[in-house]
1. Looking only at residues in the range 55-72 that are open to solvent by 70 Å² or more (accessible area, probe 1.4 Å) and more than 29 Å from residue 119 (Cβ to Cβ), which one is modelled with the highest pLDDT?
2. Within the range 142-172, track down each residue that is at pLDDT below 95, under 17 Å from the mean Cα position of the chain (by Cα) and open to solvent by less than 50 Å² (accessible area, probe 1.4 Å).
3. For residues that are within 14 Å of residue 176 (Cα to Cα) and of a type in the set (A, V, I, L, M), scanning just the range 4-36, find the one that is surrounded by the fewest Cβ atoms within 10 Å (Cβ to Cβ).
4. Counting only residues that are in a loop (DSSP other than H, G, I, E, B) and under 13 Å from the mean Cα position of the chain (by Cα), which one in the range 100-125 is farthest from residue 22 (Cα to Cα)?
5. Would you mind telling me which numbered condition in (1) touching a residue at least 60 places away in the same chain (Cβ under 8 Å); (2) touching an Asp or Glu at 6+ places or on another chain (Cβ under 8 Å) residue 49 fails?
6. What is the residue count in the range 124-146 for residues that are of a type in the set (Gly, Ala, Ser) and touching a helix residue (DSSP H, G or I) at 6+ places or on another chain (Cβ under 9 Å)?
7. Condition check: within 30 Å of residue 74 (Cβ to Cβ), of a type outside the set (Phe, Trp, Tyr) and surrounded by 21 or more Cβ atoms within 10 Å (Cβ to Cβ). Does residue 108 satisfy that?
Amino acid sequence: LRSSQQEVVDRIQAEGIELHAGRRFDYLFNGVAATVRHGDMQRIKALPGVRAVYPDYQVHTMLDDSVPLIGADQVWEMTDSEGLPVTGHGIRVAVIDTGIDYTHPDLGACFGPGCKVEGGYDFVNDDADPTDDHGHGTHCAGIVSANGAVRGVAPDATLLAYKVLDEAGTGYDSDVIAAIERAMDPDGDRETDD
């Protein structure tokens, strides 16, 4: 798949179209994020091997909308098929946002195996530390799985933090797609057991 993608990139450049390739996707989505002139998008779309061309829109957080009450406390009183309370135990949730402040005591105060925030990645800075420098991702993580002074919907769930939005709460669709691909295969072995 990667060699086919490179052939298409080479074909585009051979047509005299200036293209700067970025992220490549091959798990959830077959594609390449690239910087091109807007006027070249239709030329690229017409080339063999290109199914579609999508703009890489900027995305951003919105903190001004409140989360409606969903009755989570009623769910906690329910039991699963093994008679255990429904609190998210054994469930892992990927938070694709501005990262997570995993040092927060309600979110486990640590990062890595054995912690509430057991892993993740920073697609903004391309490193393994998805620390939240905005606040929105931490807010969402708390809604999902806080377990302390604040209790989230699934307080016993673990979290994966994928930072795709920067300190201003902005990012790109291509980073979101990359995070979704990573969330579908956190250990990167191309198997779905994780």
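The values are calculated or read from the model by the stated rules, or taken from the named source; none is laboratory data. None of the values given here were measured: they were computed from a predicted structure. We place every Cβ from the backbone using ideal geometry, glycine too, and count neighbours over all the protein chains shown. What goes into the accessible areas is simple: the full protein's heavy atoms, side chains included, and nothing from ligands, DNA or RNA. Shrake-Rupley method; radii C 1.70, N 1.55, O 1.52, S 1.80 Å.
1. Restricting to residues being open to solvent by 70 Å² or more (accessible area, probe 1.4 Å) and more than 29 Å from residue 119 (Cβ to Cβ), the top hit is 69.
2. Within the range 142-172, 142, 144, 145 meet the criteria.
3. For the range 4-36, the residue satisfying everything is 28.
4. Narrowing the range 100-125 to residues in a loop (DSSP other than H, G, I, E, B): 100-104, 108-110, 112-116, 123-125.
Filter again for under 13 Å from the mean Cα position of the chain (by Cα), leaving 100, 123-124.
On the way: 100: 25, 123: 12, 124: 13 Å.
Per the stated criteria, the residue is 100.
5. Single failed check for residue 49: (1).
6. Looking only at the range 124-146, we keep the residues that are of a type in the set (Gly, Ala, Ser), and these are 128, 135, 137, 141-142, 145-146.
Narrowing the set further to residues that are touching a helix residue (DSSP H, G or I) at 6+ places or on another chain (Cβ under 9 Å) leaves 141-142, 145-146.
Residues that pass the stated criteria total 4.
7. Numbers: within 30 Å of residue 74 (Cβ to Cβ): yes; of a type outside the set (Phe, Trp, Tyr): yes; surrounded by 21 or more Cβ atoms within 10 Å (Cβ to Cβ): yes.
The answer is yes for residue 108.
For every residue, the table says whether it meets (1) of a type in the set (A, V, I, L, M); (2) closer than 17 Å to residue 174 by Cα.
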site	(1), (2)
16	no, no
20	no, yes
24	no, yes
30	no, yes
33	yes, yes
39	no, no
44	yes, no
61	no, yes
